[in-house]
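Each remark here refers to the structure printed beneath this line.
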Amino acid sequence: MKVVTERVGRWVVPYAALWITLLVGGIIVVALALLGAEVYDNVVDEVGLANLDKPALALAEQLRSPGLDAAVTAFTNIGGGIGMPILASILTAWLTWTSRTWRPFILVGSAAAVSVTATSVGKTLFGRTRPDHADAVPPYESSPSFPSGHTLNSTVVIGVVVYLACLELQRTVTRVAVITAGVVFVLAMGLSRVFLGHHWMTDVLAAWLLGLAWVGLVILAHRLFHLTRRKEHAGPAPTFDHPAVRRDPVRDDPGASDPGARDPGARDAGRDAASG
C-alpha cells in the first residue's frame, strides 16, 4: 500500500498546481457560458437573426448540392458526440506516447470535460430553437441550438492538441503547418454547422469565442505549472522515465546545513574553536 501511495504521489503532487488552476479556470468558463447565455438572450433576438443569422443561412442554402451536402455531413460528424471523443482519444494517446508524460491526458481530458459542461449548461439555460427542418439538411437534430457543441468542443480539443504538439515539435515550419491545420479544422467545423442548417451563425460565433477563452486558460494553467515547478521541484517536468523529484534544500543548497558554506568566517571560527 505504501508503494502504491508513493507512486501515486509522484504524479499527483507535482501536478497539484495544474489541477487547481484548471479547476478555477473551468469554473470561470462555465460562468462565462451562463453570462453569455444571458447577454445572448437580450441581444441576438433583436439584431442577430435579422443582420447575421438569416442571411448566413440563406447563403448556405444557395451553396448546397447533394454531393456537397453528403461531404459536409461526413465531416461534421467528426465533431459530434461519437467522432470527437474518438479523435480526441487518438490524438491524446499519440501525444502521451511521444512526450512520455501524463500532460496530454490531463490537459485534453480536463479541457474537454469543461467544454462539454459549458455546452450542456448553455443549451439547458437558454434553450434556443434551431433553424427549421425545412431549411436544414438531414439528419436533423433536436437539442437546443446555443452554443454549437460541435464548434465549442472541436475548438477546445484541437486547440489544446495543437498547443501540446507545438511543444514537441522543433521545426518552425512544422509548427506553422500544425497550427494552420488546426485553425482550418476548427473554422470548417463551425461553418459546417451553419451550412447544414443545424445552427445559427451566432451560435457558432459564441462557441468559437468561448472555446478560445477556455483554451487560453488551459495554456495559462500549464505555464503556471512550469513556473511553480521551478520553485518546488528539481529538474524538468516529470516523465514516465524520470519521475518527479522534490527539491532537497540540503542537497541543492549546501549552505542550508553548513553555515560555513555561506560564511567562510564562521567556518574558520569553528576550526579555531575545535583546535583550541
query: If only one of Arg175, Arg193 is without any contact (Cβ under 8 Å) to a residue 24 or more places away in the chain and either in contact with a Ser or Thr (Cβ under 7 Å, 6 or more places away or on another chain) or of a type in the set (Lys, Arg) (or both), which one is it?
result: Arg175
query: If you check Leu205, Leu209, which single one turns out to be over 24 Å from Ile86 (Cβ atoms), open to solvent by 10 Å² or more (accessible area, probe 1.4 Å) and under 17 Å from the mean Cα position of the chain (by Cα)?
result: Leu209
task: Could you list, in sequence order, all residues of the stretch 175-210 that are over 15 Å from Thr73 (Cα atoms) and among the aromatic types (Phe, Trp, Tyr)?
output: Trp200, Trp208
- prompt: Inside the stretch 120-135, can you point out the residues that are surrounded by fewer than 16 Cβ atoms within 10 Å (Cβ to Cβ) and either at positive phi or part of a helix (DSSP H, G or I) (or both)?
  reply: Ser120, Thr124, Gly127, His133, Ala134, Asp135
field: Residue match in the stretch 213-222 (condition: β-branched (Val, Ile, Thr), over 30 Å from His133 (Cα atoms) and at pLDDT below 80)
entry: no
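Residue by residue, here is whether (1) modelled with pLDDT of 90 or more; (2) part of a helix (DSSP H, G or I); (3) of a type in the set (A, V, I, L, M) holds:
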position: Ala50; (1), (2), (3): no, yes, yes
position: Leu59; (1), (2), (3): yes, yes, yes
position: Leu68; (1), (2), (3): yes, yes, yes
position: Thr76; (1), (2), (3): yes, yes, no
position: Ile86; (1), (2), (3): yes, yes, yes
position: Ala113; (1), (2), (3): no, yes, yes
position: Ala118; (1), (2), (3): no, yes, yes
position: Val137; (1), (2), (3): yes, no, yes
statement: Residue pairs within 9 Å by beta carbon, gap of at least six or interchain, first lying in the stretch 151-164 and on the phi < 0 side of the Ramachandran plot, second buried (at least 24 other Cβ atoms within 10 Å of the Cβ) and not in a helix (DSSP H, G or I), listed first then second, are Thr151/His199
query: Given Ala74, Ala112, Ala70, Ala58, which one is open to solvent by less than 80 Å² (accessible area, probe 1.4 Å) and either hydroxyl-bearing (Ser, Thr, Tyr) or closer than 21 Å to Leu164 by Cα (or both)?
result: Ala112
- prompt: Is it the case that some residue within the stretch 151-174 is over 24 Å from Ile86 (Cα atoms) and either in contact with a Cys (Cβ under 6 Å, 6 or more places away or on another chain) or small (Gly, Ala, Ser) (or both)?
  reply: no
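The values are calculated or read from the model by the stated rules, or taken from the named source; none is laboratory data. This one's a predicted model, so the numbers in the text were calculated from it and none came from an experiment. Cβ: placed from backbone, ideal geometry, glycine included. Neighbour counts: every protein chain shown. In case anyone asks, the SASA skips ligands and DNA or RNA and just uses the protein heavy atoms, side chains included. Shrake-Rupley method; radii C 1.70, N 1.55, O 1.52, S 1.80 Å.
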